[in-house]
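Student: Below you will find the structure I want to go over with you.
What follows draws every value from the coordinates through simple rules; no lab data is involved. Since this is a predicted model, take the numbers as computed values, not measurements. Heads up, the Cβs are rebuilt from the backbone with ideal geometry, glycines too, and the neighbour counts pull from every protein chain shown.
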Amino acid sequence: MVLRTSGTRIEVTPRQFPTNQGGLCQKGWTAAELLDHPDRLTTPLVRDRPHGPLRPAGWAEALDRVAAGIRATWQRYDRDAVAVFGGGGLTNEKAYALGKFARVALGTRNIDYNGRWCMSSAAAAGLRAFGIDRGLPFPVTDLAQAQTLLLVGANPAETMPPLMRHLAAMRERGGRLIVVDPRVTATARQADLHLQPLPGTDLAVANALLHVALVEGRLDRAYLAERTTGFDEVRRTVAGYWPAEVERLSGVPVADLETTARDLATVDRAVILTARGAEQHAKGVDTVTAFINLALALGLPGRPGSGYGCLTGQGNGQGGREHGQKADQLPGYRRIDDPAARSHVAGVWGVTPESLPGPGVPAYQLLDSLGTDTGPKALLVFGSNPVVSAPRAARVESRLRDLDLLVVADFLRSETAELADVVLPVAQWAEEDGTMTNLEGRVLRRRALRPPPDGVRTDLEVLAGLADRLDSPVDFPTDPATVFTELRRASAGGPADYAGVTWERIESDTGVFWPCPDPTGPDTPRLFADSFPTPDGRARLRAVSHRPAAEPVCADYPLHFTTGRVLAQYQSGTQTRRVAALRRAAPTGFVELHPDLADRLGVAEGDPVRVLSRRGELQAPARISPTIRPDTVFAPFHWPGAARANSVTNDAVDPVSGMPEFKICAVRVERVAPATEREPA
Ligand SMILES: Nc1nc2c(c(=O)[nH]1)N[C@H]1C(S)=C(S)[C@@H](COP(=O)(O)OP(=O)(O)OC[C@H]3O[C@@H](n4cnc5c(=O)[nH]c(N)nc54)[C@H](O)[C@@H]3O)O[C@H]1N2
Ligand SMILES: Nc1nc2c(c(=O)[nH]1)N[C@H]1C(S)=C(S)[C@@H](COP(=O)(O)OP(=O)(O)OC[C@H]3O[C@@H](n4cnc5c(=O)[nH]c(N)nc54)[C@H](O)[C@@H]3O)O[C@H]1N2
Ligand SMILES: [Mo]
């Protein structure tokens, strides 16, 4: 987008760019409203006693307080007792600095971030199969060339409106769009075919699609032989996924499974994309693997206008997962348990490899251990609002309350900031330089348009101020350009190699696709044309089997509950719930249910209903719609308080990725009787 300053006001207008083709969603248009919002934090806040109020404080006092709290925690416990929680919205520079701050200034292994809630299942599956995790291994404009596009668990019409232009372009050229979603979403309405499975059955659907392609003799045998390993076992496994059985399990008719398999297998160019609907499950990694198996068996990855990809979520969802805020990771997508990676990165940082901590634990495990005997006693949060967005949020909220020290850097008083001992007011997007990496692996520049308001510091300045007070063995630069130069060196030779990416090059080339090892050499818009970055150059298929949701339905909790997003709200809503136009468009949470179910429950449109699980409940008005399966209810997760969807969600996680099962748990729905109907107490 392009930002114009008219007087002191900043306006947002779209810019003609290949990825979004000049498109921008409503949240983009209105983003400038938050820069001068009356709720904007412009002074640090400090809490003097537990449960006392937050009061304004100066920066010196606030940072001293944080440093003293950290030192006290170190003294009573150990280095791992201080933890960090980051965010996929942070720029590459900030994500990198935060990972370095945790490992070097704090010396803790305990850092993870909200990307764990987001693309970690697709990332783990991509890494396992292809040896690399880049959302799309090709430019998004390639999508228009696909003849069939299978979109699994994604609702881009609401979550990524600019993507819809590429899908529309594909359809104008005769391509077919097939959407897999338990709801008839705005995206599904534009599809040529919509499969409406029971939540949590995508893996079985994928195996059935491969089964059909296999028995009909439509696999790319030459590709399987030359470019992959592992097909034999996959063949034996999918042989058991008879379409009729998968229809019984998922509710997707045999005819639709067959049509989908043929639409994918009989064209030259087909694309399979997954997003959170398929991935946010305790079997998310295996589900993505099943779709990757299908793509590989059809010979798609590496062919023009074809392949598998994952639709990235947050502003810097891709770059945020490459430079070290993940528990097991060092910059450049290196592994923290790899001795060569440790010595390279330690060299760049100016510390010894032995001083670097080992891997920490994934986000939910980290948050769930806070304040317990074995868990961290202090937490620093940069760019997340887990009180609203974490699974089983009431439990996470109580863990946060158990901490000796909670520090939140934010520009607004998020629900998590409300619990903090110290809140540090930081700069927003229009006030900071840096880079972000989009779903295509394309590194883009973000430019500062104005300085932050008085009293506000950047995240980099906050980290530098703390590092200084904690006698960090190395300095933390506050200039993003300097940080980026260091990031380039730290990532050099790693899977996500940014060594050849310079800010100047990004500006002259409409972004630079990683890997880009050499400033004068080419970047990599398309991966996998000749080989895969695995030891033997081949992609790895892997047999995966369906398993039921972590929490099956039962007599007490007979319905499936799933969650997601609406167009006008963003994430935990800290930002978008404060923008008047967005609040008007999506004022409250709601519970979407089918008319048959509503009839059975005696619920009318707009009636308050309660959704109960073993973990808690949410209350919100009913939205009755035939577009959802009668056995499933849906709620968006953008609201705190009574309407908080994550009071209900399950905290079961994927054993490989640590992804929570946001997309399915067992619930009961009840009508909330108006006061007049209730029995007197
Ligand atoms: N407006 C808006 N846009 C956003 C965001 C936002 O908060 N608001 N957040 C951004 C972020 S961080 C992300 S990660 C992306 C997410 O983008 P999406 O993945 O598109 O978003 P969701 O709404 O979480 O899930 C997509 C769909 O999955 C469906 N679904 C639920 N359970 C299942 C299942 O078991 N199987 C299948 N196949 N589908 C299922 C839901 O009905 C929903 O329509 O959006 C980004 N864009
Ligand atoms: N039930 C359910 N729960 C979900 C999901 C779901 O589909 N269903 N989706 C999950 C997914 S995919 C995601 S990505 C998470 C997202 O959920 P969160 O991790 O809570 O992400 P945000 O709401 O974006 O929170 C970002 C916070 O950081 C602040 N912030 C923004 N930019 C910066 C910055 O540059 N620096 C600092 N210091 N602060 C900043 C914002 O003001 C906001 O308060 O939610 C997850 N939770
Ligand atoms: Mo996300």
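Student: What list do you get for Y223, Y364 if you sort them by fewest beta carbons within 10 Å?
Tutor: Working: Y223 19, Y364 23.
Result, fewest neighbours first: Y223, Y364.
Student: Additional query: Determine the sum of side-chain charges near V553: Lys and Arg each +1, Asp and Glu each -1, restricted to other residues whose C-beta is under 11 angstrom from that of V553. Intermediate results must be reported in sequence, preceding the final value.
Tutor: Details: positive: R668; negative: E551, D556, D631.
Spelling it out: positives minus negatives among the neighbours equals -2.
Student: Also, quick follow-up: Taking 0.36 nm per intervening residue step and subtracting the Cα-Cα distance, what contour gain separates A394 from A68 on full extension? Don't skip to the end; give the middle numbers.
Tutor: Values: separation 326, 0.36 × 326 = 117.36 nm, distance 2.88 nm.
Between A394 and A68, full extension yields an extra 114.5 nm.
Student: How big is the charge dipole of the stretch 121-310 about its Cα centre, in debye rounded to the nearest 20, if each Lys and Arg gets +1 on its Cβ and each Asp and Glu gets -1 on its Cβ?
Tutor: On the way: 19 positive and 20 negative charges, 55 e Å.
Charge dipole, the stretch 121-310, about its Cα centre: 260 debye, nearest 20.
Student: Which residue, chosen from V140, A62, S369, occupies the Cα position most advanced towards the positive end of the dipole of the chain, where the dipole is computed from +1 (Lys, Arg) and -1 (Asp, Glu) charges on Cβ about the Cα centre?
Tutor: Comparing the listed Cα positions along the dipole, V140 ranks first.
Student: While we're looking at this one, here's another question. What number, in nm² with one decimal, is the all-direction average of the projected area of the convex hull of the alpha-carbon atoms of the stretch 559-677?
Tutor: Values: hull surface 33.0 nm².
Average projection, Cα convex hull of the stretch 559-677: 8.2 nm².
Student: Let me ask something additional. Rg and Dmax of the stretch 542-624, using alpha carbons, in Å: what are they?
Tutor: 16.1, 49
Student: With charges set only on the Cβ (+1 for Lys and Arg, -1 for Asp and Glu), what does the dipole of the stretch 315-465 come to about its Cα centre, in debye to the nearest 20? Before the final figure, lay out each step's value.
Tutor: Working: 17 positive and 21 negative charges, 88 e Å.
Here the size comes out at about 420 debye.
Student: Please provide three numbers in whole Å: the alpha-carbon extents of the chain along the principal axes, with the largest listed first.
Tutor: Principal extents (largest minus smallest coordinate, Cα): 77, 69, 54 Å.
Student: Select from L195, A270, L219 the residue farthest towards the positive end of the dipole of the stretch 176-272; place +1 on Cβ of Lys and Arg, -1 on Cβ of Asp and Glu, and compute about the Cα centre.
Tutor: Towards the positive end, the residue furthest out is A270.
Student: Measure off 7 Å from each Cα along the Cα-to-Cβ vector at R578 and T42, then give the distance between these two points in nanometres to one decimal.
Tutor: Here the answer is 1.3 nm between the modelled labels.
Student: Okay, moving on. With +1 assigned to the C-beta of every Lys and Arg and -1 to the C-beta of every Asp and Glu, and no other charges, what is the dipole magnitude of the chain about the Cα centre in debye, to the nearest 20?
Tutor: Details: 78 positive and 80 negative charges, 83 e Å.
Dipole magnitude for the chain comes out near 400 debye.
Student: What Kirkwood Rh does the stretch 428-498 have if only Cα atoms enter the pairwise 1/r average? Answer in Å.
Tutor: Details: mean 1/r = 0.0724 Å⁻¹.
After inverting the pairwise mean of 1/r, the radius is 13.8 Å.
Student: If you stretched the chain out fully between R173 and R335, how much longer would it get, using 0.36 nm times the residue separation minus the C-alpha to C-alpha distance?
Tutor: 54.1 nm
Student: Could you calculate, for the stretch 260-354, the ratio of the Cα radius of gyration to the Kirkwood radius, expressed as Rg to Rh?
Tutor: On the way: Rg = 17.9 Å, Rh = 15.9 Å.
Ratio of gyration radius to Kirkwood radius for the stretch 260-354: 1.12.
Student: With contacts defined as alpha carbon pairs under 8 Å and 6 or more residues apart, what's the relative contact order of the stretch 142-249 in percent? Don't skip to the end; give the middle numbers.
Tutor: Working: 125 pairs, mean separation 22.9, N = 108.
Over the stretch 142-249, the number comes to 21 percent.
Student: Here is a follow-up. The stretch 48-191: Rg/Rh from Cα coordinates, Kirkwood Rh? Mind dumping the intermediate values first?
Tutor: On the way: Rg = 22.7 Å, Rh = 19.5 Å.
Checking Rg against Rh, the ratio lands at 1.16.
Student: Please compute the contact order of the chain in relative form: average sequence separation of alpha-carbon pairs under 8 Å and at least six residues apart, divided by the residue count, as a percent. Can you show the working numbers first?
Tutor: On the way: 1616 pairs, mean separation 128.3, N = 681.
Rounded, it is 19 percent for the chain.
Student: Within a 10 angstrom radius of the beta carbon, how do T43, T289, T632 rank from fewest other beta carbons to most?
Tutor: Working: T43 17, T289 27, T632 23.
If I rank by nearby Cβ atoms, fewest first, I get T43, T632, T289.
Student: Here's something else I'd like to know. Can you count the Lys pairs in the chain whose Cα atoms are under 22 Å apart, with each pair 8 or more apart or on different chains? Write out the running numbers ahead of the final one.
Tutor: Working: K94/K326; K100/K326; K100/K377; K283/K326; K283/K663; K326/K377.
Qualifying lysine pairs in the chain: 6.
Student: Give the separation of the Cα centroids, the stretch 392-442 to the stretch 443-520, in Å.
Tutor: First find each Cα centre; the distance between them is then 20 Å.
Student: Related question: What are the principal axis extents of the Cα atoms in the stretch 607-681, in Å, biggest first?
Tutor: Extents along the principal axes, in whole Å: 51, 32, 20.
Student: Which far-off residues, 5 or more places away or on another chain, put their amide H under 5 Å from the one on D410, with H placed in the peptide plane?
Tutor: L424, V426
Student: Oh, and also: Relative contact order of the stretch 559-677, please, whole-number percent, based on alpha carbon pairs below 8 angstrom and at least 6 residues apart. Walk me through the intermediate numbers first.
Tutor: Numbers: 253 pairs, mean separation 42.0, N = 119.
So the answer I get is 35 percent.
Student: Residue separation times 0.36 nm, minus the C-alpha to C-alpha distance between D530 and A585: what's the value?
Tutor: 15.0 nm
Student: Which three numbers, in whole Å and largest first, are the semi-axes of the equivalent ellipsoid of the stretch 228-270 derived from its Cα gyration tensor as √(5λ)? Before the final figure, lay out each step's value.
Tutor: Details: eigenvalues 82, 64, 8 Å².
In descending order the semi-axes read 20, 18, 6 Å.
Student: Once you have the Kirkwood Rh of the stretch 121-310 from its Cα pairs, apply Stokes-Einstein at 4 °C and 1.567 mPa s and quote D in µm²/s. Show your work: numbers first, answer last.
Tutor: Values: Rh = 16.1 Å.
D, rounded to a whole number, is 80 µm²/s.
Student: If you take the charge dipole of the chain about its Cα centre, with +1 on Lys and Arg Cβ and -1 on Asp and Glu Cβ, which of L257, A390, L466 is farthest toward its positive end?
Tutor: So the residue we want is L257.
Student: Could you tell me what % of all Cα pairs in the stretch 513-568 have separations over 14 Å? Walk me through the numbers on the way to the answer.
Tutor: On the way: 1184 of 1540 pairs.
Roughly 77 percent, once rounded to a whole number.
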